[in-house]
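*Asks:* Below is a structure I'd like to ask you about.
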């Protein structure tokens, strides 16, 4: 079998599971295996043992073996991973301290100090990262204050995907989007930012080399091939973060296509060649994807958790009118997210209020771009994309068709990266045409759009009244 015809091993390192998938060049999932992401969370902090993480990676691939049989015919390996993680290594490439995933919030209290050290520098505009504690830069200040010995022992700094690529190939390599999600990277110059590195106190550490997602990180090391039971010297591609990979997996790979991830965190991302270097909206982020492409968007932290909290109490078939209560996902104080008489509302109304509040907050953020006709479609991904009534509301509110695909899995995005290189696809749109398959198209019906716009205006009135109380 020719290399470009062989299936690909794509591994997605998520915040709860590691998924190993065998995917062919048509985007068909042939088999998959899973293992838990070995994280321990407590009081806003999240950690994992680096060696245990590698063992979970091996376990996911081993489970894939059990389902697929021999993997002797695979053509390549590509990885995607949760972003904004932090891994420190010593001179011998051994982990120093725990892996700190992106969901860890320990850096939040150090954001003001980081901004003080960077006074006079347009941090948001340069890095594309809003002032949040999820990024490695403020987490490094936390480590310097609480565990300075870790930084003194460290020689290399990277993230979760970089740690896995090191184990697979021996190279210390990252991709542009993952680099952009550290708050240490200058997107204007497309290189690590010396001023931020100095402010974070890591001038003595070596950061990964930045390569485009479809470049080779290297070939599979003999010891890695042995423990993973894979052919030696397989090409391993750099890959990208799970956010950009979701765009690829849904086919949102051209300007005008809006990808919305509806999971624990609601995230909007869109690909563009025309970047906003001013970053006037302080909630928005920007990531250099590679080449001349950028990903821009914003996050609604924790919105999915509130859906999960109310979902068991509600009837799945009910779509009650949520007013006169409303949900504000932007409120920093979690209790202030719930406006109105929530105690007197039934379970279905509470759930509908959360669902509506998320859609209205997404719409509010995107309204300026929507008014300019920037977008032509929405491609959602995540658990929320399975709620067809919610997707109908999404289409109606935004006035755009919602395109549901057979798989929005980030592992498919990783496989597309390998296929584009091995199969010779000239553009991401060509790779998407071959591997992304549309399942359902939900049109924005004019009458329903008017209904959703009326609900949105009512929501704004209730929100304004609630904020003034």
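*Asks:* To the nearest 10 degrees, how steeply does helix 50-68 sit against the main Cα axis of the chain, on a 0 to 90 scale?
*Replies:* The angle comes out at about 90 degrees.
*Asks:* Could the peptides 413-421, 247-255 be put in order, highest first, of the mean number of other beta-carbon atoms found within 10 Å of their residues? Don't skip to the answer; put the middle values down first.
*Replies:* On the way: 413-421: 29.6, 247-255: 25.9.
With the highest mean Cβ count within 10 Å placed first, the list reads 413-421, 247-255.
*Asks:* State the Cα centre-to-centre distance between the stretch 1-65 and the stretch 127-173 in whole Å.
*Replies:* 21 Å
*Asks:* Counting only DSSP beta bridges with both residues in the chain, what percent are antiparallel, rounded to the nearest 5? Working shown, then result.
*Replies:* Details: 52 of 71 bridges.
So the antiparallel bridges in the chain amount to around 75 percent.
*Asks:* Tell me, what is the FRET efficiency for residue 372 and residue 73 to the nearest 0.05, using R0 = 51 angstrom and their Cβ-Cβ distance as r?
*Replies:* On the way: r = 48 Å, r/R0 = 0.95.
The calculated FRET efficiency here is 0.60.
*Asks:* So between residue 189 and residue 149, what do we pick up on full extension, going 0.36 nm a residue minus the alpha carbon distance? Please list the in-between numbers first.
*Replies:* Numbers: separation 40, 0.36 × 40 = 14.40 nm, distance 3.21 nm.
That pair, residue 189 and residue 149, stretches by 11.2 nm at full extension.
*Asks:* Going by a ≥ b ≥ c, the root eigenvalues of the Cα gyration tensor, does the stretch 110-189 fall in the rounded group (a/c under 1.5), the prolate group (a/b larger than b/c) or the oblate group? Spell out each step's value before the answer.
*Replies:* Values: a/c = 2.52, a/b = 1.27, b/c = 1.99.
Because a/c hits 1.5 or more and a/b fails to exceed b/c, the stretch 110-189 counts as oblate.
*Asks:* Follow-up question, since we're still on this one. How far, in nm, would the chain grow between residue 204 and residue 30 when pulled straight, counting 0.36 nm per residue and subtracting the alpha carbon separation?
*Replies:* Numbers: separation 174, 0.36 × 174 = 62.64 nm, distance 4.50 nm.
Gain in length upon complete extension: 58.1 nm.
*Asks:* Can you tell me, using C-alpha contacts under 8 Å and at least 6 residues apart, the relative contact order of the chain as a whole percent?
*Replies:* Values: 1025 pairs, mean separation 72.3, N = 469.
Relative contact order, the chain: 15 percent.
*Asks:* On to the next question. Using alpha carbons only, how many degrees (0 to 90, rounded to 10) separate the axis of helix 136-146 from the longest principal axis of the chain?
*Replies:* The helix 136-146 is inclined about 80 degrees to the chain.
*Asks:* Helix 446-468: angle to the longest alpha-carbon principal axis of the chain, degrees 0 to 90, nearest 10?
*Replies:* Once rounded, the angle reads 90 degrees.
*Asks:* Would you compute, from DSSP H runs of 4+ residues alone, the mean residue ellipticity of the chain at 222 nm, taking -39500 (n - 2.57) per run and dividing by the full residue count, rounded to the nearest 500? Please report the intermediate quantities before stating the final value.
*Replies:* On the way: 16 runs with 174 residues, N = 469.
Estimated from H runs of four or more residues: -11000 deg cm²/dmol.
*Asks:* Sticking with this one: For mean projected area of the Cα convex hull in nm², which listed value, [x] 25.1; [y] 21.8; [z] 26.3, comes from the coordinates shown?
*Replies:* Among [x] 25.1; [y] 21.8; [z] 26.3, the one derived from this structure is [y].
*Asks:* So for each of 405-411, 9-15 I average, over its residues, the number of other beta carbons within 10 Å; can you give me the resulting order with the highest mean first? Numbers along the way, then the final one.
*Replies:* Values: 405-411: 24.0, 9-15: 26.1.
Result, highest mean Cβ count within 10 Å first: 9-15, 405-411.
*Asks:* Quote to one decimal, in nm, the extra length available between residue 330 and residue 273 on full extension: 0.36 nm per residue of separation minus the C-alpha distance between them. Don't skip to the end; give the middle numbers.
*Replies:* Values: separation 57, 0.36 × 57 = 20.52 nm, distance 2.84 nm.
Gain on stretching residue 330 to residue 273: 17.7 nm.
*Asks:* Packing-wise, with mean Cβ within 10 Å as the measure, how do 371-383, 442-454 rank, highest first? Don't skip to the answer; put the middle values down first.
*Replies:* Details: 371-383: 17.2, 442-454: 14.2.
Highest to lowest by the protection proxy: 371-383, 442-454.
Quick note: the coordinates plus some simple rules give every number you see, no bench work behind them. Please read all numbers here as calculations on a predicted model, not as lab measurements. Every residue, glycine as well, gets a Cβ built from its backbone with ideal geometry; the counts of neighbours run over all protein chains shown.
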